[in-house]
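For reference, the structure is listed below as structure tokens.
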């Protein structure tokens, strides 16, 4: 009797595994771009406001007034309590209007609306920079990111933290404030992933990691990594002399003109692996904390409740617009009041 029950249990287990495998294979064949978590969250569709001019143009007075009215109804409504908060946090996004993201419909307008809503709700400062002024024929356009971060730090003296977020990313859960999520010392202490070694661009582990018991008040840079090393699409810097010095080092012409396949990201990886003293000022956090992807496994792919989804590499499979629209329609929004 016992043997029969065991055989029955084994049979049901095997059948279950076969069904699960077939389901995943079916999804793979259909080319579904979404992670499991994305399947769960479905918010009402809230298209971005249609302004008369694009993100870097000058809005008409009517369009600007209409936008201001909407933002005024949510500005500061989050009532965050932990520090840093309000203008002490600056969200920075920038583009030269080129690159792979041109395949995403109304990208700049959507990005601007998404970031403005989030920052208005929490009282953060938002900057959407035109990066063309930082671009030169002697370096890859992605290096403009570093110059933009430096410029933002210098021109916004009240900002204690700057969060650089690539244009190909959507803030999915605007209720999350950065202090309780990450930047408050207690939050950062619990978020850091000191047990994870820094990955190399070739997919191998460097065997090196950031300190496990740092003084979190001396952490000046926060970044996550994927299977190819750190990813600079979502990265935070504290306003300190260390950060300004690090940014200068990161953009050294020797690195900019070097043989680095992923440009600024491989250079960042190189610096972290080869400079242990600099690593003492860096926190590496699990990827989904600040940089979940639109595809990937449990550690990488966006799950309902994650702060942001990043469409890194979507151009490889030529489905950036499809993925973007799927997630855009699932994001949560702050409802205006009053």
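The values are calculated or read from the model by the stated rules, or taken from the named source; none is laboratory data. Keep in mind that what you see is a predicted model, and the values were worked out from it rather than measured. A quick note on method: Cβ atoms are made from the backbone with ideal geometry, for glycine too, and the neighbour counts reach across all protein chains shown.
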Restrict the check to region 82-96 and report whether at least one residue is over 18 Å from residue 181 (Cβ atoms) and modelled with pLDDT under 90. yes
Based on what the data block shows, is residue 302 in contact (Cβ under 8 Å) with a residue 12 or more places away in the chain, surrounded by 15 or more Cβ atoms within 10 Å (Cβ to Cβ), in contact with a strand residue (DSSP E or B) (Cβ under 8 Å, 6 or more places away or on another chain) and farther than 28 Å from residue 193 by Cβ? no
In region 305-323, residues that are touching a residue at least 40 places away in the same chain (Cβ under 8 Å), outside any helix (DSSP H, G or I) and either touching a helix residue (DSSP H, G or I) at 6+ places or on another chain (Cβ under 7 Å) or within 14 Å of residue 226 (Cβ to Cβ) (or both) total 7
When residues of region 201-214 are limited to those that are modelled with pLDDT of 90 or more and out of contact with any helix residue (DSSP H, G or I) (no Cβ under 7 Å at 6 or more places or on another chain), the one farthest from residue 331 (Cα to Cα): 207
Matching option when the condition is surrounded by fewer than 19 Cβ atoms within 10 Å (Cβ to Cβ) and under 18 Å from residue 222 (Cβ atoms), among 180, 136, 155: 180
Considering only residues that are outside any helix (DSSP H, G or I), within 19 Å of the chain's Cα centre (by Cα) and within 25 Å of residue 83 (Cα to Cα), which ones fall in region 124-158? 124, 125, 126, 127, 128
Any hit, region 13-33, residues being surrounded by 13 or more Cβ atoms within 10 Å (Cβ to Cβ), touching a helix residue (DSSP H, G or I) at 6+ places or on another chain (Cβ under 7 Å) and at pLDDT below 50: yes
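Identify all residues within region 289-299 that are part of a loop (DSSP other than H, G, I, E, B) and surrounded by 19 or more Cβ atoms within 10 Å (Cβ to Cβ); write none if there are none.
Here is the first cut: in region 289-299, the residues part of a loop (DSSP other than H, G, I, E, B) are 291, 294-299.
Across region 289-299, the qualifying residues are 291, 294, 295.
With the structure loaded, tell me whether residue 88 is within 26 Å of residue 185 (Cα to Cα) and in contact with a strand residue (DSSP E or B) (Cβ under 8 Å, 6 or more places away or on another chain) or whether it fails that test.
Working: within 26 Å of residue 185 (Cα to Cα): yes; in contact with a strand residue (DSSP E or B) (Cβ under 8 Å, 6 or more places away or on another chain): yes.
Yes.
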Pick from region 245-288 the residues that are in contact with a helix residue (DSSP H, G or I) (Cβ under 7 Å, 6 or more places away or on another chain), touching a residue at least 40 places away in the same chain (Cβ under 8 Å) and assigned to a helix (DSSP H, G or I): which of them is farthest from residue 183 (Cα to Cα)? 256
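Can you find a residue in region 228-237 that is in a helix (DSSP H, G or I), crowded, with 20+ Cβ neighbours inside 10 Å and within 22 Å of the chain's Cα centre (by Cα)? First the steps, then the outcome.
Let us first name the residues in region 228-237 that are in a helix (DSSP H, G or I), namely none.
No, there is no match, as no residue in region 228-237 is in a helix (DSSP H, G or I), crowded, with 20+ Cβ neighbours inside 10 Å and within 22 Å of the chain's Cα centre (by Cα).
Scan region 238-255 for residues that are farther than 17 Å from residue 201 by Cβ and over 20 Å from the mean Cα position of the chain (by Cα) and jot them down. If you could, list the steps in order and put the result at the bottom.
Of region 238-255, the ones farther than 17 Å from residue 201 by Cβ are 238-249, 251-254.
Once the filter is applied, which keeps residues that are farther than 17 Å from residue 201 by Cβ and over 20 Å from the mean Cα position of the chain (by Cα), region 238-255 yields 240, 241, 242, 244, 245, 246, 248, 249, 251, 252, 253, 254.
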